1. For the residue pair D:ALA249 and B:MET98, what label-to-label distance in nm results when each label sits 7 Å from Cα along the Cα-to-beta-carbon direction?
2. Which aspartates and glutamates does D:LYS287 reach when only Cα atoms under 12 Å apart count, and residues fewer than 8 places away in its own chain are ignored?
3. How much of the accessible area of the range C:170-242, probe 1.4 Å, is carbon plus sulfur, in whole percent?
4. Within a 10 angstrom radius of each residue's Cβ in B:239-249, how many Cβ atoms of other chains show up on average? Whole number is fine.
5. Where a Cα-Cα gap under 14 Å defines reach, which aspartates and glutamates qualify for C:LYS123, not counting those fewer than 8 residues away within the same chain?
6. Around A:ILE74, which amide H atoms from residues at least 5 apart in sequence, or from another chain, sit under 5 Å from its own amide H, with H modelled in the peptide plane?
7. With contacts defined as alpha carbon pairs under 8 Å and 6 or more residues apart, what's the relative contact order of the range C:195-292 in percent?
8. Cα to Cα, under 20 Å, and not fewer than 8 places away if on the same chain: which aspartates and glutamates meet these conditions relative to A:LYS32?
4 protein chains.
Amino acid sequence: MVRRIKRKPVEELEHLVDSVLTPHNPPIACVKPGEVVEIETWSALTKVTNPVTGPVEIEGAEPGDTLSVEIVGIELPSEGKTAIIPGFGALEGWLRLMERRMKTCEIKDGVIFYQKDGGGTLKIEADPFIGTIGVSPEFEAINTLSPGRHGGNMDCPDVRPGNRLMLPVLRPGALFGLGDVHAVQGDGEVCGVAVEVDAVVTLKSDLEKGRKIDWPRVESPDEFMTIGSARPLEDAARIAFREMVDWMAHDYGWEREDAYMFLSLAARARIAQIVDPLYTVVVKLHKRYLGR
Amino acid sequence: MVRRIKRKPVEELEHLVDSVLTPHNPPIACVKPGEVVEIETWSALTKVTNPVTGPVEIEGAEPGDTLSVEIVGIELPSEGKTAIIPGFGALEGWLRLMERRMKTCEIKDGVIFYQKDGGGTLKIEADPFIGTIGVSPEFEAINTLSPGRHGGNMDCPDVRPGNRLMLPVLRPGALFGLGDVHAVQGDGEVCGVAVEVDAVVTLKSDLEKGRKIDWPRVESPDEFMTIGSARPLEDAARIAFREMVDWMAHDYGWEREDAYMFLSLAARARIAQIVDPLYTVVVKLHKRYLGR
Amino acid sequence: MVRRIKRKPVEELEHLVDSVLTPHNPPIACVKPGEVVEIETWSALTKVTNPVTGPVEIEGAEPGDTLSVEIVGIELPSEGKTAIIPGFGALEGWLRLMERRMKTCEIKDGVIFYQKDGGGTLKIEADPFIGTIGVSPEFEAINTLSPGRHGGNMDCPDVRPGNRLMLPVLRPGALFGLGDVHAVQGDGEVCGVAVEVDAVVTLKSDLEKGRKIDWPRVESPDEFMTIGSARPLEDAARIAFREMVDWMAHDYGWEREDAYMFLSLAARARIAQIVDPLYTVVVKLHKRYLGR
Amino acid sequence: MVRRIKRKPVEELEHLVDSVLTPHNPPIACVKPGEVVEIETWSALTKVTNPVTGPVEIEGAEPGDTLSVEIVGIELPSEGKTAIIPGFGALEGWLRLMERRMKTCEIKDGVIFYQKDGGGTLKIEADPFIGTIGVSPEFEAINTLSPGRHGGNMDCPDVRPGNRLMLPVLRPGALFGLGDVHAVQGDGEVCGVAVEVDAVVTLKSDLEKGRKIDWPRVESPDEFMTIGSARPLEDAARIAFREMVDWMAHDYGWEREDAYMFLSLAARARIAQIVDPLYTVVVKLHKRYLGR
């Protein structure tokens, strides 16, 4: 039977502990490499901002290793919430939002029901993923609203069941935390909010000892992906492309200039979000091109 | 039989005429709304930088109309060229390119053959599109290297056969020009060059009289798309999202705030290029969501 | 007696001719290197947007030369206008401007009188300069609202009497134009408008044959300055700093890395404007540091 | 006699404690509002990156108050160090730095002696200031390399003797820390390093109870200043201008639109630095304009 890591009761959540990824927090659980666990997560729209469940320690993880997190499954609740929030979102200055609005969306059989203003319901296929997942930074306490080298609030729809996320281990034990599951999200997460849910996530965590990466990566059955976060957005893209060149060079023997030319013909680049403290871009390359 | 608009002989190309979109150039042909024409185009790697074939006048086009260009087909040659160029490309400062390199790629039966350094050939499926297509601006002469409201060097792979590009008419006759066909391109066009080809493009040009748009749009069989170009890249994305909100509001009766919330759940956003004088983002929405 | 180059009558101004810098316009006057001329300029708030007086041909100017323009004097009228314009300005999305407002400021004895809302008058010392001055680009027609390598709408208060502006010659005859005199402007020109005036500018134009520069430069009695224009703003600053390193290396024998270290201790950097199509930064270095 | 707050011995410095501003660190001293203290600071080029001395608790400080820090004096040592560091600095990609270089500069009688490559010494007038000074954030541990709302690594030369810095209190006791004194710095701190020194700083700390500010401010004898930090650089400028508008509106009764128009005529805007995780701009307005 799979071990379940419970989230804190909502009344115990506090920003100082639950809205940061940091080496200051003691682990709430320790898992062995290769172990499958279920982790309960809070919605980003909870009492405190974007709380994460964690830190979870990975036995034997050391700085310089890579933490591998296979997303085995995500169990969605029967509803989620979305919102617009004045002062937040990519078009805020243009739309001149005056007040916060929230909508509740029913979720049933993998479909999300969106109630349109003025009547009518639109159905969106659920495509759940983990919005915030990251390791502890070396010495900072990073706000869970921010993405970065450590992962964090990447809001990247590719961190989804069937895929494997890789994160650099920066502290002994890795000390990862997660939350902010989205039942579905558009690229860019343009108003700043997706369909936000409490969830139960099943993960298989593993270690790649001695493999050092600089930024988060994802492997899907068909593709390799690199994730960069920065402002302005082109710098996020440059980081992700640079990381892909390095990956091709280091693991697949490409000349860097050749990899660069080739990505200009064959890469895919998706905007994950343009609303968080750093913006996030995912660059993808089909595995078919990486056979030696 | 379809009329063919010929490109200039290469020895007659000059920057002052062929590397700009401008009302200063006299039309080389006039087509009727609804007419199908073939247009010969030059590769961007020709004697002058990124030459366009044009201006082509659309009979009856007036500022405030929308020019509709259906891309019926693109005829590729048997080879294309790609390159890296010091001083150009998104990773130039990092890779520290010292010299220009060019590769010739064979194109056969819809497949592009890329010769990898150190041996081996990679096959990429051709996905040809028009890299540069735009109308004359109101009074400037805009370098064909730059995208903008007028279209131009958007390097957007969605301007492809089967899709329909919409451009705002800014001068009587629209005066559009095109060139820079790519046999295939990765998102971001990261090194600044795709598989560059001379080509013959078949277009059906039409007018939507009295329909005013502010930025280029694309319609595919399944999706509506808006294209924004700006620096930094997030501003390109903001333009494209804003245009999509306006489209939903104006043509499909959405409340703008509702459209904004919905795009945050259902939009797709692709980086077209991060190498030209302005950067380009495409935002997409599936048509299934736009029935009234 | 100084020759005077008249501006066009206002009713003859048109965007296609007067709101661009371009080789397409025939010169309205030809001056000899070293000649002093008076040039009448239009305010940016005239019938057409930001009209320039020109093109003025410099006898013997060839691409690869540097045009030197000493600003001998600026004659101000007895009033100027300032404005806020919805959709324009650096804080537009935050202030949510609903309508255009214009204020007229009396100018007398070198002082500008600003009428504060609610009563009271504030006196600002006039510090007039040329907001828009540039040469013809090689083959484009650049909107006079935009700055660039060619000069243009730099809105740089250092282009003022007593200083000398240097511009790269890109077309035979240089073909420069100017307008948009400001009686005074704050750094950043934050609302997008300064105290805009019609004016008469006295210039001494000269040539530095065979001296090639890439971006505009200014020399004051005490300082050397480089001007960069780009988006985002840090790229404008990078251009200006890079140009200063090149200047120090090329004309004063500095090692580039040494110049870089030294500027990190001794440069001044002012934001000229953050409201035009490209943003502008001026980097300054005191001449005392450049003796060999 | 003035109390002196000692810095830690160098061998005890550690990133986890000394390279962050955070509520997790216990105060090393408590001072009363109005008290003058001397604080020893470490150079940014010490064993750990940019260590700060602190946290110093201000008796009675509560979130919503403003911490006022008058810089009474800075005692410089007899030498400082400057450096270029591959991978760091605003022109790194262009200059293609291959190795770290460091220079030692003698400091004597308020003059800094810079040894030019190839011989010769340049004298720069010392203009010492505190590069990094900030309060504890509400719940994060912010890297001392980063500036922000809390102050931090603003690298703003206006935080100098004779001026008064205002910071928002975000945690009880304010918990401020400081370090990174620069004997002199150019605007932009373009290579990423100034003349870095160990120093002794004399401060008079005070509280403005119940006065809430959102970002750091400075008062000099003649000017009011607001400091914004963000990427891209224009966003830092927008923050600083917005804060100045708010200051004028809140404390001096200006209409916001009027303040906006006026700043467009009378503000000064300096680039403090373009090398840290967020970039910093200072906007200044002469006090003469703010009499009621």
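The values are calculated or read from the model by the stated rules, or taken from the named source; none is laboratory data. In this text, all values refer to a predicted model and were calculated from it rather than measured experimentally. We place every Cβ from the backbone using ideal geometry, glycine too, and count neighbours over all the protein chains shown. For the accessible areas, the whole protein counts, side chains as well, though only heavy atoms, and no ligand, DNA or RNA atoms are used. Shrake-Rupley method; radii C 1.70, N 1.55, O 1.52, S 1.80 Å.
1. Going from the D:ALA249 label point to the B:MET98 one covers 5.7 nm.
2. Excluding near neighbours in sequence, the set is D:GLU219, D:ASP222, D:GLU223.
3. Summing carbon and sulfur atoms, their accessible area is 44 percent of the total for the range C:170-242.
4. That works out to 2 on average.
5. List returned: C:GLU79, C:GLU106, C:ASP109.
6. Hits under the 5 Å cutoff: A:THR202.
7. It rounds to 29 percent for the range C:195-292.
8. A:GLU40, A:GLU57, A:GLU59, A:GLU62, A:ASP65, A:GLU70, A:ASP206, A:GLU208
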